[in-house]
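Working notes, beginning with the structure itself.
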Amino acid sequence: MSILQQKLDSYGSNFWDFENFKTNGIHKIANYPAMMVAPMQHKLIEDLYEFEGNIDNIFDPFHGSGTTLVEGDKFGMDLVGIDINPLANLITRVKLYGVNSNTIYNSIEKVIKNINKFTNIDIDPMNFPNIDKWFRKDIIQDLTIIRESIIQEKNKKNRLYFWSCFSDIVRKFSNTRSSTFKLHIKEQEKINLMQNTVISDFLKIIKERHHDLQPESSTNKKIIQGDSLFEMRKIESNSIDLICTSPPYGDNGTTVPYGQFSILSLFWIDRSDLSISDDALLRNYSAIDNLSLGGRKKEELICSTPTLSRYLNSISDSKKMKVITFFNDYFKALEEMIRVLKSNHLMILTLGNRRVDYKEVKLDEITNEFTLSNNMTLEAKLTREIPYKRIARRISRVGNLGAVSSMNNETVLILRKK
């Protein structure tokens with residue numbers, strides 16, 4: 001047993017569950033699916049920072065809402081992050097760059113004045129494909145008033161902060177069900193009964209949430225919106241001190257559909273304030289998920305591991321291709337992560353095992369086998385319960401067999417590059 005494993009085990013068997021954790025502070029600036037547990041990431045980074053003593057930068061190639069990068073920033077590390085989702089990119093930028101503290105109160109007052117102004121004049125309602133399916137007409141009108149008011153703000157930091165708050169309002173008052181990350185329409189009765197407090201709710205959160213943003217640090221920050229497989233190729237080999245990430249557990253369409261969760265907000269946010277590497281990302285409601293890891297063109301398996309081979313042989317032919325497509329992308333991503341990591345430095349991977357064809361895809365074992373055969377060694381391993389609110393315990397029904405259990409546990413692999 002390694003010294004690092006002994007240290008991590010010394011906290012007790014349930015320590016890493018963080019079962020009483022509730023998202024708060026800076027990490028509650030805007031909602032995002034399957035957010036990482038901030039105190040867990042903080043403790044892991046803190047222990048490795050003390051244990052290793054040579055960590056100047058941290059890289060998260062799937063940064064999501066930016067939890068890892070925010071926690072790394074607290075230790076004065078330079079930050080590198082990539083995510084294909086423009087909403088994730090926006091939220092992370094707001095967390096890391098904050099607002100303009102000298103002007104935020106004036107900006108809020110201006111937004112209030114503009115809302116009052118636009119409320120009293122005729123304004124063309126926002127329009128995009130199927131907008132009437134996802135929003136009531138009165139909601140569209142009020143969201144349009146807020147949107148136009150945000151656009152008037154001249155300070156970009158403050159404007160991005162307003163957009164991040166607005167993203168929550170858009171989803172809250174849409175006709176989508178709140179019980180799932182996917183776009184599923186509510187029952188008409190619930191849509192009709194929904195109380196319109198769009199403007200008052202928006203004003204409430206913009207007045208409150210900026211207090212949780214920390215002052216911008218002096219660390220170097222490189223936050224990239226784009227395809228991680230493509231963008232990682234631009235990073236110099238052996239340049240990263242610590243990789244800390246939670247890669248996708250499978251293709252977004254069958255696990256956590258980050259794109260579907262985000263797309264309504266993205267359609268409402270002014271395009272000029274979004275970093276968008278490819279216009280195809282906003283082409284339709286499923287584009288982000290289809291262009292993410294595992295959503296690409298189907299092809300033969302490029303490489304395998306013993307556990308993956310056994311798994312593929314155990315499932316139906318009709319289910320194999322979605323697994324193969326994901327692992328082709330996943331293995332390519334792991335290869336790039338290993339390439340950019342410095343020798344004798346660490347990679348932290350938080351992994352969950354989903355089910356396909358009612359059988360567990362052992363992503364933790366497959367990842368361990370692949371990395372050990374690609375110049376890595378296993379330094380430590382943790383297993384933890386997933387907090388109940390992070391991912392639903394049951395996911396979509398399949399035929400007449402009932403709801404499929406989602407992942408209830410995570411494995412954390414800490415790997416060292418030789």
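The values are calculated or read from the model by the stated rules, or taken from the named source; none is laboratory data. Quick caveat: nothing in here was measured; it's all calculated off a predicted structure. Reconstructed Cβ throughout: ideal geometry from the backbone, glycine too, with neighbour counts over all protein chains shown. Quick note on the areas: whole protein, heavy atoms, side chains included, nothing else; ligands and nucleic acids left out. Shrake-Rupley method; radii C 1.70, N 1.55, O 1.52, S 1.80 Å.
Inside segment 16-45, can you point out the residues that are at negative phi, outside any loop (DSSP other than H, G, I, E, B) and open to solvent by less than 70 Å² (accessible area, probe 1.4 Å)? Before the answer, list the steps.
Residues of segment 16-45 that are at negative phi, as a first pass: 16-17, 19-24, 26-33, 35-45.
Retained after the next criterion (residues that are outside any loop (DSSP other than H, G, I, E, B)): 16-17, 26-28, 38-45.
Residues satisfying the conditions are Trp16, Asp17, Ile26, His27, Ala38, Pro39, Met40, Gln41, His42, Lys43, Leu44, Ile45.
Any residue in segment 145-165 that is of a type outside the set (Gly, Ala, Ser) and over 24 Å from Tyr105 (Cβ atoms)? Full working, then the answer.
Pass one, segment 145-165, residues of a type outside the set (Gly, Ala, Ser): 145-148, 150-163, 165.
Subsequent filtering for residues that are over 24 Å from Tyr105 (Cβ atoms) retains none.
Scanning segment 145-165, I find no residue that is of a type outside the set (Gly, Ala, Ser) and over 24 Å from Tyr105 (Cβ atoms), so the answer is no.
Against the definition (within 16 Å of the chain's Cα centre (by Cα), more than 25 Å from Arg339 (Cβ to Cβ) and at pLDDT below 95), how does Pro257 come out, yes or no? Step through it out loud before you land on a result.
Working: within 16 Å of the chain's Cα centre (by Cα): yes; more than 25 Å from Arg339 (Cβ to Cβ): yes; at pLDDT below 95: yes.
When the stated conditions are applied, Pro257 passes them.
Looking at Ser101, Ser107, which is the one that is closer than 22 Å to Pro215 by Cα, open to solvent by 40 Å² or more (accessible area, probe 1.4 Å), in contact (Cβ under 8 Å) with a residue 12 or more places away in the chain and hydroxyl-bearing (Ser, Thr, Tyr)? Before you say what the answer is, go through the steps one by one.
On the way: Ser107 fails: open to solvent by 40 Å² or more (accessible area, probe 1.4 Å).
Unique residue meeting the criteria: Ser101.
Are any residues in segment 46-82 open to solvent by 20 Å² or more (accessible area, probe 1.4 Å), more than 23 Å from Ser13 (Cβ to Cβ), outside any loop (DSSP other than H, G, I, E, B) and modelled with pLDDT of 95 or more, and if so, which ones? Spell out how you get there, then give the answer.
Filtering segment 46-82 down to residues open to solvent by 20 Å² or more (accessible area, probe 1.4 Å) leaves 46, 49-54, 56-57, 62, 74-76, 78, 80.
Right, trim to more than 23 Å from Ser13 (Cβ to Cβ) and you get 49, 52-54, 56-57, 62, 74-76, 78, 80.
After this cut, where a residue has to be outside any loop (DSSP other than H, G, I, E, B) as well, the list is 49, 52, 57, 78, 80.
Residues satisfying the conditions are Asn57, Asp78, Val80.
So how many residues does segment 341-382 have that are part of a loop (DSSP other than H, G, I, E, B), surrounded by fewer than 18 Cβ atoms within 10 Å (Cβ to Cβ) and modelled with pLDDT under 95?
Of all residues in segment 341-382, those part of a loop (DSSP other than H, G, I, E, B) come to 353-354, 357-358, 361-362, 373-375.
Okay, now just the ones that are also surrounded by fewer than 18 Cβ atoms within 10 Å (Cβ to Cβ), so 357-358, 373-375.
After this cut, where a residue has to be modelled with pLDDT under 95 as well, the list is 357-358.
Qualifying residue count, segment 341-382: 2.
Search segment 131-147 for residues being open to solvent by 40 Å² or more (accessible area, probe 1.4 Å) and over 27 Å from the mean Cα position of the chain (by Cα), and hand back the single one that is farthest from Arg283 (Cα to Cα).
Taking segment 131-147 as the starting set, the residues that turn out to be open to solvent by 40 Å² or more (accessible area, probe 1.4 Å) are 132-133, 136-138, 141.
This time we only want the ones that are over 27 Å from the mean Cα position of the chain (by Cα), so: 132, 136-138, 141.
Numbers: Asp132: 18, Arg136: 23, Lys137: 23, Asp138: 26, Gln141: 24 Å.
The selected residue is Asp138.
Which residue is modelled with the lowest pLDDT, if the candidates are limited to segment 193-238 and must be within 26 Å of Glu71 (Cβ to Cβ) and of a type in the set (Val, Ile, Thr)?
Looking at residues that are within 26 Å of Glu71 (Cβ to Cβ) and of a type in the set (Val, Ile, Thr), I get Thr219.
Examine segment 321-330 for a residue that is touching a Leu at 6+ places or on another chain (Cβ under 6 Å), over 20 Å from Arg416 (Cβ atoms) and among the aliphatic types (A, V, I, L, M), and state whether such a residue exists. First the steps, then the outcome.
Pass one, segment 321-330, residues touching a Leu at 6+ places or on another chain (Cβ under 6 Å): 324, 329.
When the remaining residues are screened for being over 20 Å from Arg416 (Cβ atoms), the result is 324, 329.
Remaining after also requiring among the aliphatic types (A, V, I, L, M): 324.
Yes - at least one qualifying residue is present in segment 321-330.
Within the bounds of segment 185-207, is there any residue that is crowded, with 18+ Cβ neighbours inside 10 Å and outside any helix (DSSP H, G or I)?
no
Could you check segment 164-191 and list, in sequence order, the residues that are closer than 14 Å to Trp134 by Cα and touching a residue at least 24 places away in the same chain (Cβ under 8 Å)?
The answer is Ile169, Val170, Arg171, Lys172, Phe173, Ser174, Asn175, Thr176, Lys182, Leu183, Ile185, Ile191.
Identify, please: which residue in segment 208-220 is assigned to a helix (DSSP H, G or I) and in contact (Cβ under 8 Å) with a residue 12 or more places away in the chain and is, among those, nearest to Ile29 (Cα to Cα)? Please lay out each step first, then the result.
Step one: list which residues in segment 208-220 are assigned to a helix (DSSP H, G or I), which gives 208-212.
Cutting the leftovers down to in contact (Cβ under 8 Å) with a residue 12 or more places away in the chain gives us 209-210, 212.
Numbers: Arg209: 6, His210: 8, Asp212: 8 Å.
Top of the filtered list is Arg209.
Which of (1) at pLDDT 95 or above; (2) open to solvent by 50 Å² or more (accessible area, probe 1.4 Å); (3) out of contact with any strand residue (DSSP E or B) (no Cβ under 7 Å at 6 or more places or on another chain) does Arg93 not meet, given it meets every other one?
Of the numbered conditions (1) at pLDDT 95 or above; (2) open to solvent by 50 Å² or more (accessible area, probe 1.4 Å); (3) out of contact with any strand residue (DSSP E or B) (no Cβ under 7 Å at 6 or more places or on another chain), the odd one out for Arg93 is (3).
For the subset of segment 148-163 comprising residues that are free of Cβ contacts under 8 Å to residues at least 60 places away in the same chain and not hydroxyl-bearing (Ser, Thr, Tyr), which member is most open to solvent (accessible area, probe 1.4 Å)? Please lay out each step first, then the result.
Step one: list which residues in segment 148-163 are free of Cβ contacts under 8 Å to residues at least 60 places away in the same chain, which gives 148-149, 152-155, 158, 162.
Retained after the next criterion (residues that are not hydroxyl-bearing (Ser, Thr, Tyr)): 148, 152-155, 158, 162.
Values: Glu148: 49, Gln152: 84, Glu153: 17, Lys154: 182, Asn155: 41, Asn158: 0, Phe162: 0 Å².
Result: Lys154.
Hey, can you tell me all the residues within segment 301-313 that are part of a helix (DSSP H, G or I) and more than 14 Å from Glu365 (Cβ to Cβ)? Full working, then the answer.
If we filter segment 301-313 for residues that are part of a helix (DSSP H, G or I), which is where we start, we get 306-313.
The one that is part of a helix (DSSP H, G or I) and more than 14 Å from Glu365 (Cβ to Cβ): Asn313.
I need the full set of residues from segment 270-288 which are in a helix (DSSP H, G or I), surrounded by fewer than 17 Cβ atoms within 10 Å (Cβ to Cβ) and among the hydrophobic types (A, V, I, L, M, F, W, C), in order please.
Answer for segment 270-288, where residues must be in a helix (DSSP H, G or I), surrounded by fewer than 17 Cβ atoms within 10 Å (Cβ to Cβ) and among the hydrophobic types (A, V, I, L, M, F, W, C): just Ala280.
Report whether or not Ser2 is among the small types (Gly, Ala, Ser), closer than 18 Å to Leu346 by Cβ and open to solvent by less than 40 Å² (accessible area, probe 1.4 Å).
Values: among the small types (Gly, Ala, Ser): yes; closer than 18 Å to Leu346 by Cβ: yes; open to solvent by less than 40 Å² (accessible area, probe 1.4 Å): yes.
It is true that Ser2 is among the small types (Gly, Ala, Ser), closer than 18 Å to Leu346 by Cβ and open to solvent by less than 40 Å² (accessible area, probe 1.4 Å).
For Phe128, are the conditions met, namely being open to solvent by 10 Å² or more (accessible area, probe 1.4 Å), outside any helix (DSSP H, G or I), within 24 Å of Asn220 (Cα to Cα) and out of contact with any Gly (no Cβ under 9 Å at 6 or more places or on another chain)? Spell out how you get there, then give the answer.
Details: open to solvent by 10 Å² or more (accessible area, probe 1.4 Å): yes; outside any helix (DSSP H, G or I): yes; within 24 Å of Asn220 (Cα to Cα): no; out of contact with any Gly (no Cβ under 9 Å at 6 or more places or on another chain): yes.
Against the criterion (open to solvent by 10 Å² or more (accessible area, probe 1.4 Å), outside any helix (DSSP H, G or I), within 24 Å of Asn220 (Cα to Cα) and out of contact with any Gly (no Cβ under 9 Å at 6 or more places or on another chain)), Phe128 does not qualify.
In segment 221-237, is there at least one residue being surrounded by fewer than 13 Cβ atoms within 10 Å (Cβ to Cβ), without any contact (Cβ under 8 Å) to a residue 12 or more places away in the chain and either assigned to a helix (DSSP H, G or I) or small (Gly, Ala, Ser) (or both)?
no
Considering each residue of segment 260-276, count those that are out of contact with any Phe, Trp or Tyr (no Cβ under 8 Å at 6 or more places or on another chain) and more than 20 Å from Ile140 (Cα to Cα), and give that number.
Final tally of qualifying residues: 4.
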